[in-house]
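The values are calculated or read from the model by the stated rules, or taken from the named source; none is laboratory data. Predicted, not measured: the structure shown is a model, and the values here were computed from it. Positions of Cβ are generated from backbone atoms using ideal geometry, with glycine treated the same way; all protein chains shown enter the neighbour counts. Note: accessible area is taken over every heavy atom of the protein model, side chains too, but ligands, DNA and RNA are not part of it. Shrake-Rupley method; radii C 1.70, N 1.55, O 1.52, S 1.80 Å.
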Amino acid sequence: EAYSKQLAYRSIRAWNMPAIKLTYFAIQGPAEPSRLALTIGGIPFEDVRVNREQMLEMRASGALQPAGTAGGQLPLMEVDGKPLAQSGAQATYCAKLAGLIPSDPFLASKVEEATQFISQDTRERTIAPTMRCKEEEKAAMRTELAETKLPEKLKVLDGMLASNPSGYLVGDSLTIADLHLYV
């Protein structure tokens, strides 16, 4: 039934599909949940992959800081020519288009809860510091990450999955939270 609702939603969207351009590096990273949501939703988009030099050119020209956005970095999304910065906002937009956020307000908030735990608590507060540290600190930080910190976070995610008989993080169908977990 959930799949039928998604198909109906997609066919309605096909009549009024926005032009979407998503610019990021040729890696998964923070743009990947948006790419996956658009692909799963059958929503066409221009997937622009840039290298470091192209990103630096975009930054120097001001292209990464469009007026009215909290930008300054990649990924950058344009929707019908209007810029949308910040990967979380982009993923939410794409997930709404693709029908990957429940219509029930409580379940939608549970999706946001899981997404924030994955993005903030796990990725930004636990994994990312080991990528930005001084080289002489890296080995010790990575050991602590592998042996202590990451297993604690994964235990929370395992508990979320175990409490839901559907096998998804929230509800009975795929959501953007599952895509964040995958990435």
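Working from the alpha-carbon coordinates of the range 34-162, get Rg over Rh, Rh being the Kirkwood radius. The Rg/Rh ratio comes out at 1.03. The accessible surface of the range 14-110, taken with every protein chain in place and a 1.4 Å probe, is 56 percent carbon and sulfur. Counting lysine pairs in the chain whose alpha carbons fall under 18 angstrom apart, excluding pairs fewer than 8 residues apart on the same chain, gives 8. Solvent-accessible area per residue in the chain equals 58 Å², computed with a 1.4 angstrom probe and all protein chains kept. Where the alpha-carbon atoms of the range 93-183 are placed on the principal axes, they occupy 48, 27, 17 Å, in descending order. Looking at the chain, the DSSP beta bridges with both ends there are about 60 percent antiparallel.
Secondary-structure-derived ellipticity at 222 nm for the chain, considering helices only, amounts to -14500 deg cm²/dmol, per-run term -39500 (n - 2.57) for DSSP H runs with n ≥ 4. In the chain, taking the dipole from charged Cβ atoms about the Cα centre, the farthest positive-side position among Ala89, Gln116, Leu181 is held by Ala89. Close amide-amide hydrogen proximity is noted between Phe25 and Val50, each under 5 Å apart and 5 or more residues distant or on a separate chain (H modeled in the peptide plane; Pro and chain starts excluded). Note on Asn51 and Ala140: with the Förster distance fixed at 30 Å, the Cβ-Cβ geometry gives a FRET efficiency of about 0.40.
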